[in-house]
Amino acid sequence: AQKVTQAQTEISVVEKEDVTLDCVYETRDTTYYLFWYKQPPSGELVFLIRRNSFDEQNEISGRYSWNFQKSTSSFNFTITASQVVDSAVYFCALNSYSGTYKYIFGTGTRLKVLA
Amino acid sequence: DGGITQSPKYLFRKEGQNVTLSCEQNLNHDAMYWYRQDPGQGLRLIYYSQIVNDFQKGDIAEGYSVSREKKESFPLTVTSAQKNPTAFYLCASSTGTGYRPEQYFGPGTRLTVT
């Protein structure tokens with residue numbers, strides 16, 4: 001079975017604080033892909049990053065960084081020096097190489113950054 | 001600019017009526033998807049299509065129908081058989097070939113049925 005768990009339903013931080021969003025996944029496949037998306041209040045999901053199961057290197061893009069650890073089946077997302085514009089719902093998603101094009105989404109984490 | 005368009009943004013219907021949601025993409029993507037999102041929930045897959053004239057049921061296909069006559073278009077019909085149609089509907093596309101690329105999403109259609 002494939003599953004994505006985002007245990008944090010909602011997080012509130014004050015602007016300029018660092019915040020980490022957790023994502024834990026389950027799959028029996030050895031080849032799989034992980035994604036993070038941002039959903040601002042407008043509703044459209046915006047792609048942030050893709051990682052495949054063979055690439056455990058951490059990624060940094062500006063204030064965003066991602067920590068992929070296969071040993072703990074986690075793909076966590078950190079925002080450094082958060083800003084009000086970071087307020088959104090963030091989704092983690094999984095796609096396993098099981099012959100289908102289905103993507104499994106977590107339930108999302110709502111991040112509120114307060115000025 | 002390339003992207004995915006969904007229309008309308010807001011849609012209101014009376015119970016018992018079928019309604020069709022539009023999804024068009026000019027990204028030249030092979031695969032297209034329909035998701036449903038309910039408040040506080042993740043995305044649930046309704047239907048997906050890997051190529052023209054072919055589509056597969058997702059996890060919650062009952063009460064919905066789709067067609068894929070053109071590469072650019074993947075309309076979703078919410079039928080009267082769908083018991084709880086009020087939701088936010090998102091269309092997505094991906095290149096859909098070989099590796100597992102990211103999906104790109106449209107702005108969504110918020111459907112309210114009363």
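The values are calculated or read from the model by the stated rules, or taken from the named source; none is laboratory data. Remember, predicted model here, so these are calculated numbers, not experimental data. With ideal geometry, Cβ positions are generated from the backbone for all residues, glycine too; neighbour counts draw on all protein chains shown. Ligands, DNA and RNA are stripped out before the accessible areas are found, and what is left, the full protein with its side chains, is counted by its heavy atoms. Shrake-Rupley method; radii C 1.70, N 1.55, O 1.52, S 1.80 Å.
Taking the stated definitions as given, is A:L94 buried (at least 20 other Cβ atoms within 10 Å of the Cβ) and assigned to a strand (DSSP E or B)? Yes. Return the residues of region B:1-22 that are open to solvent by less than 60 Å² (accessible area, probe 1.4 Å), within 13 Å of chain A (Cβ to nearest Cβ) and in a strand (DSSP E or B); say none if nothing qualifies. Within region B:1-22, B:I4, B:Q6 qualify. Every test in (1) part of a loop (DSSP other than H, G, I, E, B); (2) in contact (Cβ under 8 Å) with a residue 24 or more places away in the chain; (3) on the phi < 0 side of the Ramachandran plot is passed by A:F54 save one, and that test is (2). Checking the structure you have, find out if any residue of region B:24-32 is assigned to a loop (DSSP other than H, G, I, E, B), open to solvent by less than 50 Å² (accessible area, probe 1.4 Å), more than 27 Å from A:S53 (Cβ to Cβ) and not polar (S, T, N, Q). No, because not a single residue in region B:24-32 is assigned to a loop (DSSP other than H, G, I, E, B), open to solvent by less than 50 Å² (accessible area, probe 1.4 Å), more than 27 Å from A:S53 (Cβ to Cβ) and not polar (S, T, N, Q).
Would you call B:R110 crowded, with 18+ Cβ neighbours inside 10 Å, among the charged types (D, E, K, R) and in a strand (DSSP E or B)? Let's see the steps before the verdict.
Details: crowded, with 18+ Cβ neighbours inside 10 Å: no; among the charged types (D, E, K, R): yes; in a strand (DSSP E or B): yes.
Here the answer is no, as B:R110 does not meet what is asked.
Is it the case that some residue within region B:60-70 is aromatic (F, W, Y) and part of a strand (DSSP E or B)? Lay out the reasoning, then the answer.
Going through region B:60-70, the residues aromatic (F, W, Y) turn out to be B:64.
Still in the running and part of a strand (DSSP E or B): B:64.
Within region B:60-70, one or more residues are aromatic (F, W, Y) and part of a strand (DSSP E or B).
A:I60 fulfils the conditions (1) within 14 Å of chain B (Cβ to nearest Cβ); (2) over 18 Å from A:E10 (Cβ atoms); (3) aliphatic (A, V, I, L, M) except for a single criterion, (1).
Table: residues versus (1) in contact with a His (Cβ under 7 Å, 6 or more places away or on another chain); (2) within 13 Å of chain A (Cβ to nearest Cβ).
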{"residue": "B:Q50", "(1), (2)": "no, yes"}
{"residue": "B:F55", "(1), (2)": "no, yes"}
{"residue": "B:D59", "(1), (2)": "no, yes"}
{"residue": "B:G63", "(1), (2)": "no, no"}
{"residue": "B:S67", "(1), (2)": "no, no"}
{"residue": "B:L76", "(1), (2)": "no, no"}
{"residue": "B:A87", "(1), (2)": "no, yes"}
{"residue": "B:S93", "(1), (2)": "yes, yes"}
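Can you work out which of the residues in region B:38-48 that are part of a strand (DSSP E or B), open to solvent by 10 Å² or more (accessible area, probe 1.4 Å) and at pLDDT below 95 is nearest to the other protein chains (Cβ to nearest Cβ)? Steps first, answer last, please.
Residues of region B:38-48 part of a strand (DSSP E or B): B:43-48.
From what is left, the residues that are open to solvent by 10 Å² or more (accessible area, probe 1.4 Å) are B:43-44, B:47-48.
Filter again for at pLDDT below 95, leaving B:43-44, B:48.
Working: B:L43: 4, B:R44: 8, B:Y48: 6 Å.
Applying the filter and picking the extreme gives B:L43.
Within region A:1-35, the residues that satisfy the criterion of being open to solvent by less than 30 Å² (accessible area, probe 1.4 Å) and in a strand (DSSP E or B) are A:V4, A:I11, A:V13, A:V19, A:L21, A:Y25, A:Y32, A:L34, A:F35.
Using the structure shown, decide if B:G58 is open to solvent by less than 40 Å² (accessible area, probe 1.4 Å) and over 12 Å from the mean Cα position of the chain (by Cα). Step through it out loud before you land on a result.
Working: open to solvent by less than 40 Å² (accessible area, probe 1.4 Å): yes; over 12 Å from the mean Cα position of the chain (by Cα): no.
Here the answer is no, as B:G58 does not meet what is asked.
The sole residue among A:A93, A:A81 that is closer than 30 Å to B:K9 by Cα and in contact (Cβ under 8 Å) with a residue 12 or more places away in the chain is A:A93.
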